[in-house]
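Every read-out reported here was derived from the displayed coordinates using simple, explicitly stated rules and does not represent laboratory data. Because the structure is a prediction, the values reported are computed rather than measured. Neighbour counts run over all protein chains shown; Cβ positions are idealised from the backbone, glycine included.
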Amino acid sequence: MVTDVAHRKFWPSSCVCSPMGPGSLRAAVLTLTFSGVGCGLLGLPWSFATLGWAGGSIAMVVCACLAATSLHMLAEVREATQSSSYARAVELSFGTRCGETLALLIVVANIGAASAAVHFATDFESSLMQALGPAAGPQRTVVTAGCRVALLGVLCVLTWAKGITRWRYLSVISVLVLLYVIFVIVGEAVFGASSEGSSSACLRLEADSLEAFRWPGLGGACQAIAVICFSSSCHFNLLPVLEVMEHANSARISAVCFCSICLMFVFYSAVSIAGYAIWRQALLRGSMQGDVLGCWGNDDRAVMGARAALIGVLALHAALLLHAARDNLLRSILPALRSCWSSMLRRRSAPNDGDAETARVIGPWGFHASTAGLLALVLLLSNASVIRILGFAGGIGSITTMFVFPAAMFVREARSTVALRHVIAIGGFAVVSVAGLVSALHSLAPSA
């Protein structure tokens, strides 16, 4: 029997004015969109400065098209495997060994993203301290170190908590903060805010111009592409979002995939163009590469407000990433440790889900050791260049989960015929994946 639901449009006429429920199409679009919008947003103007405004725009359009295609592929894999999570779909398609590989890749991506978040938060905290009491030379180094230690203390409290859900509801605030940051950067460009103040961290030269195309070398170009891809990575959250969406037919699922990528594209294009229009090649010089918000001086109140608001959001974001990294790290190493350390790390053989269950299964030693190790690694990596962090994490973790796994699962599991458009998309995935590998190697190479 054909029901009324089958004839519903994927976007009903009352959608704009009706209340937004947790399973509505708009809730699904916003949830998926802001699960991808994060600290990579601040590095996008650097990608435009590296490739030129036309080169950056082309890279962003191509990345958006490929990201939308891979989301559709994941949706078809979900229908074929009846999976409710990305990890479960990988295990059903390729077995537990491939699932363990995915877990390690998620660990790499999350550690990179958490390190970038700590890097940004430390810089913003230091700039606030500088605004309250200017310091120079050795004093500035001491202030930065103190800010890093204070931030690490907050991160320890958030990360060591076994129940992640108690912090997840606070992440709703991050949506408003990110929107404010976007409006501030765009507003600085639209309303003609000066970029030549004496307190600016980035200094524009008279020779700086708006270049259409720029070739920074193979490594630099691949790094810029990896940063763009890192910023668009929301694929791991698609299947859980679709699980709670009402009337998840093919038309509504396609709308979620398309609208989420389009919304991210609008945000990213606005920030990239605005940041590049103001700072141009200054984004490629100095210590603020990859941090467009750090280019303005401490006398800009709107920017300082954005920095202050981002500190707490970035700390929460890093803690949530480390929760997921710890859970996936423990699950990926447990099979290898089972034979030699089973008496120490495992109290029962049945697998469990969640941080609290994982802690009970492997015992306090494994839980605390992995947490301390991840925090130490993030603290160490946060001292590196944020472009190197994003280039490596995006090149290895994000591009793999965005393109490699979805394409492989689609070819193996999808019920629809692999059409020419799919072949073209998979070819694009292969090119971007090679670029990601080059970016990761370039990010690891010592500076010239």
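General observations
- Amide H contacts of Gly297 (H built 1.01 Å from N, under 5 Å, at least 5 apart or other chain): Ser200, Ala201
- Extended-chain gain in nm, criterion 0.36 nm per residue less alpha-carbon gap, Leu205 and Ile424: 74.6 nm
- Vicinal HN-Hα couplings computed from phi for the stretch 387-401 (Karplus, 6.51 cos²θ - 1.76 cosθ + 1.60; Hz; Gly/Pro x): 5, 5, 5, 5, x, 6, 5, x, x, 9, x, 5, 5, 5, 6
- Pairwise label distance in nanometres, Phe183 with Leu437, each label 7 Å out on the Cα-Cβ vector: 4.5 nm
- Multiplying the residue separation of Ala251 and Leu377 by 0.36 nm and removing their Cα-Cα distance gives an extension gain of 41.0 nm.
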